[in-house]
Amino acid sequence: MDKVVAFDLDGTLVDSAPDLHGVANAVLAEEGVAPISMAEARSFIGQGAPNFVAKMRAARGIPDSEQARLLAAYLARYDGAVARTVVYPGVAEALTALRAGGARLAICTNKPERPALSVLRHFGLLHFFNAVIGGDSMNLRKPDPAPLLAALARAGSGTRIFVGDSEIDASAARAANVPFLLFTEGYRKSPVADLPHRAAFSDFSQLPDLVQAI
Ligand SMILES: O=C(O)COP(=O)(O)O
Ligand SMILES: [Mg+2]
């Protein structure tokens, strides 16, 4: 098939918002601050852990001076927080079909690398991927195109594709000049039509044919 396909992680392969919500609220409880809602947690995901913590603080009026301390507390609880995360239906089957067709696969997530590897290992998905780039693997993260280009280059050579769920992913793909396949069931904030994309899909059974068509 000669394809190299990079995937976003949170909101694309896994629905991790319930665990990130839990981690955030454990940190806030330690501060004696009211919890955030699940909708808030979902809306804070996608630009990496430091941005999540900054938005969480802003939502509860915690000053910037507390950022480093709360980020450390958040990261300490993050790795291994997988109990409430679920893999979206059909993901393993789609990855199996893509690999069977000769595609090489990569992860390009803004999630820190350690918890990204942990969650992939926990769900038995890590073996599908030839490269994993996390939000702290380089000194740049999406929407900068550099991590996406690095993930694709590390995975191999061939026709490049990026699969993701968010505005950030669409921007990174556009900046990298890589066709973008939009999974519509993740943490996107804008209508599908507002995100530049080659094709959109709501069910992973659709993905192998969409990749084939590029
Ligand atoms: O913001 C994060 O931590 C992760 O987000 P991503 O996997 O959707 O890039
Ligand atoms: Mg995402």
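The values are calculated or read from the model by the stated rules, or taken from the named source; none is laboratory data. Bear in mind that the values here come from a model prediction, so they are computed numbers and not experimental data. Don't worry about glycine lacking a Cβ; one is built from the backbone with ideal geometry, like all the others, and counts go over all protein chains shown.
Numbers at a glance
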| item | result |
| --- | --- |
| Among (1) surrounded by fewer than 17 Cβ atoms within 10 Å (Cβ to Cβ); (2) in contact with a Phe, Trp or Tyr (Cβ under 8 Å, 6 or more places away or on another chain); (3) outside the structural domain of F180 (by TED's automatic domain parsing), the one test that E93 misses | (3) |
| Failed item, numbered, when M38 is tested on (1) away from ligand 1 (no atom under 12 Å from the Cβ); (2) surrounded by 16 or more Cβ atoms within 10 Å (Cβ to Cβ) | (2) |
| Any pair with Cβ under 7 angstrom, 6 or more apart, that starts in the range 154-167 at a residue that is without any contact (Cβ under 8 Å) to a residue 60 or more places away in the chain and ends at one that is assigned to a strand (DSSP E or B) and among the aliphatic types (A, V, I, L, M) | R154/A106; R154/A131 |
| Residue among L140, L207 that alone is closer than 21 Å to A92 by Cβ and of a type in the set (A, V, I, L, M) | L207 |
| Test: T85 is surrounded by fewer than 17 Cβ atoms within 10 Å (Cβ to Cβ) and either over 17 Å from the mean Cα position of the chain (by Cα) or modelled with pLDDT of 95 or more (or both) | no |
| Subset tally (residues that are away from ligand 2 (no atom under 14 Å from the Cβ), of a type outside the set (D, E, K, R) and in a loop (DSSP other than H, G, I, E, B)) for the range 79-120 | 9 |
| Residue tally, condition over 30 Å from E93 (Cβ atoms) and not charged (D, E, K, R), over the range 1-38 | 12 |
| Filter pass, P50 being assigned to a helix (DSSP H, G or I), more than 14 Å from the chain's Cα centre (by Cα), surrounded by fewer than 24 Cβ atoms within 10 Å (Cβ to Cβ) and at pLDDT 95 or above | yes |
| Residue match in the range 61-78 (condition: part of a loop (DSSP other than H, G, I, E, B) and closer than 15 Å to P112 by Cβ) | no |
| Single match in F204, F180 (criterion: over 15 Å from P143 (Cα atoms), surrounded by 16 or more Cβ atoms within 10 Å (Cβ to Cβ) and at pLDDT 95 or above) | F204 |
